[in-house]
């Protein structure tokens with residue numbers, strides 16, 4: 001099975017992932033005590049970038065404001081640990097069934 005990831009970062013345009021993936025990111029950052037507390041609006045703006053930087057610093061990750069493989073791995077592992085199995089399955093099913101969840105996938109073999 002290939003290693004699949006999605007990378008999010010602030011840009012002048014909405015990332016190709018669509019707002020659903022960014023809303024999930026914002027939710028996870030808020031649940032992990034992110035600062036600033038984010039409005040889960042699906043926009044990767046300055047507040048989301050600042051919260052990503054804050055999270056990366058607290059987790060001893062490279063602080064670059066980019067939600068790449070290391071940041072996703074850290075966020076998802078902590079997020080999954082706090083959910084019960086039914087909630088985890090429902091969350092991923094909601095994301096998978098969303099018409100907006102068509103990220104720019106990068107397959108790494």
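No value in this document is a laboratory result; all are computed from the given coordinates. As the structure is a computational prediction, the values presented were derived from the model and not from experiment. Cβ atoms come from the backbone with ideal geometry, glycine included; neighbour counts cover every protein chain shown.
Details
- Among 66, 52, 21, the order by Cβ neighbours within 10 angstrom, fewest to most, reads 66, 21, 52.
- Residues 44, 35 in ascending order of nearby Cβ atoms (within 10 Å, fewest first): 35, 44.
- Fewest-first ranking of 39, 22, using other Cβ atoms within 10 Å as the exposure measure: 39, 22
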